[in-house]
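Presented below is the structure to which this report refers.
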Amino acid sequence: MIRLLALRNLLLRPWRSTLLLLGYSLGVAVMIVLLSIGEALLAQARDEKLVGGGSITVLPQGIDVEVMKTGGLGGMFFSIDHARFIYQQLLAAPRLAPYVSSVAPQIEDKLLYARTAEGRELNVMASGDIPSRNAGVGAAPVIAAGAWRDDTLDRMWRDPTPRELRDAIDHFHLPTAGVRGDPTWAEWHYFNVLSLDRRRWAFISFIVGGAVPAGEWGGQVLVTLHEQGGVERRFVASVPRTKVRFSTTTADLAIGASSVTLQPDGRYALRATAREQGTGAPLDLDLVVTPAPYAYFPGAALASGDVESGYVVPGLRATATGTICVARRCERYDDAQAYHDHNWGTWRGVTWEWGASRAGSYTVLYGRVQASDSATRQPLFVYVVDSLGFLGLFRPADIHYVDARTVRTSTGATIRVPSTATMIDARGDDSLRIDLTIEDATATDTRGSNAERGDALAARNLARPYFVQMKGLMRIAGRVGGRPIGGEGAGFFETYR
């Protein structure tokens, strides 16, 4: 009877019956989907592989938790770049101490390949944790037997000594296979020191350059002494590769009688001997550079074709104590403003914008590397720290110069160089304006040999061949994390003309 009534109703009112059937079907489909989602949520809640302890889970930007669980292509090789820096300077930093009690870095089910002694290759899933950190977020496993404690490598990752931290980011490198043998390869420790009256300063470079490690290469110490409104003095010492010692695990470097030695407390002991170009006057340098806690940039590496570039700043805010002597006349520095970075890569056709300055209680680093064959201009990065470490990152589209100064280059040409510069950026509710006032500038023609800061043992054939180094004031104003920031201080800046 029911089937007959349904059939007659369908024949008499087909459209109404069809709509009713469609609505009923949609209702059943929605119920099935909701039940499936509920079952999946319940299964995930019970899955120990997705339970990491704590209150918040930090993942790489854009990663999908479901992709991680199912092993999709997007989740196979994810990682958090500079994870230790994020741990030390963001999540477990003093700035967040009132809000974060413990942070636990974890890797779950990472695909690795193990090769047996017989040569067989096995696919394995590996996990990694730091025992004390896991215990801090309530994710410590139940130990059936034995003990599970932090070992030396765990301790070095979560709480390195000043020397361990700087060795990890400030060691030397060998060229990768793609650029091995390139004569424009160079790597160097760079330091600058500014006198208390801001009228005298020194640029100090310990350079290894050439076709490292098997071709023609060597080492060079380059010290340039400057006085505001005066002529720079250049002191150079070049040695063959047999007198160069560098390490791919530590920051220590020896170039003939000159050296950079990292002390156990994280200070850098600099010793340099060189002679002035032209006069032959001897220079003896003996300085100790002390980086401020938390004020460092962990590094960035770029690779594009035959261009490779790496850069770290172990001493973004530092002080220097010691002497620089020329022909036995010495200038003494006591807790003078200083800076230290480390660069490596190939430099043919490469230019950059760069600057590092104090601005009151803040310290600012900005920069951009540009290959001559690149059709696009990348934005700059601006990195801001204070006494508690990393504070903010900005990406201004460009730096706007006003070229109202003139200088004579190292080859006698007269060129226009910046007198002021401005950068502006906003990131959500955060904003930053930087104004530079240039007090002194020098220009080096990179078409000659032994030009400073990266040219090392080979000229670079640049479209803008004049390398301009400037000293001046930086003023900042803006807002970060809902708080206004501002300040003024001295720094050094670089560009090309």
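The values are calculated or read from the model by the stated rules, or taken from the named source; none is laboratory data. Being a predicted model, the structure only gives us computed values, none of them experimental. Don't worry about glycine lacking a Cβ; one is built from the backbone with ideal geometry, like all the others, and counts go over all protein chains shown.
Here residue 248 clears all of (1) more than 26 Å from residue 333 (Cα to Cα); (2) at pLDDT below 95; (3) not aromatic (Phe, Trp, Tyr) except the condition numbered (2).
Within segment 87-139, the residues that satisfy the criterion of being among the polar types (S, T, N, Q) and within 28 Å of residue 295 (Cα to Cα) are 88, 89, 101, 102, 106, 132, 134. Counting the residues of segment 456-477 that are at pLDDT 95 or above, small (Gly, Ala, Ser) and buried (at least 21 other Cβ atoms within 10 Å of the Cβ) gives 1. Do we find that residue 377 is not assigned by TED's automatic domain parsing to the domain that holds residue 185 and not in a strand (DSSP E or B) in this structure? Yes; evaluated as a whole, the condition is true for this residue.
The residue that is farthest from the chain's Cα centre (by Cα), among those in segment 250-306 that are surrounded by fewer than 20 Cβ atoms within 10 Å (Cβ to Cβ), of a type in the set (A, V, I, L, M) and over 13 Å from residue 340 (Cα atoms), is 281. Residues in segment 411-428 that are touching a residue at least 24 places away in the same chain (Cβ under 8 Å) and either in a loop (DSSP other than H, G, I, E, B) or of a type in the set (Val, Ile, Thr) (or both): 6 in all.
A residue that is assigned to a strand (DSSP E or B), β-branched (Val, Ile, Thr) and more than 24 Å from the chain's Cα centre (by Cα) occurs somewhere in segment 392-403. Considering only residues in segment 43-101 that are at pLDDT below 70 and among the hydroxyl-bearing types (Ser, Thr, Tyr), the one that is nearest to residue 298 (Cα to Cα) turns out to be 79.
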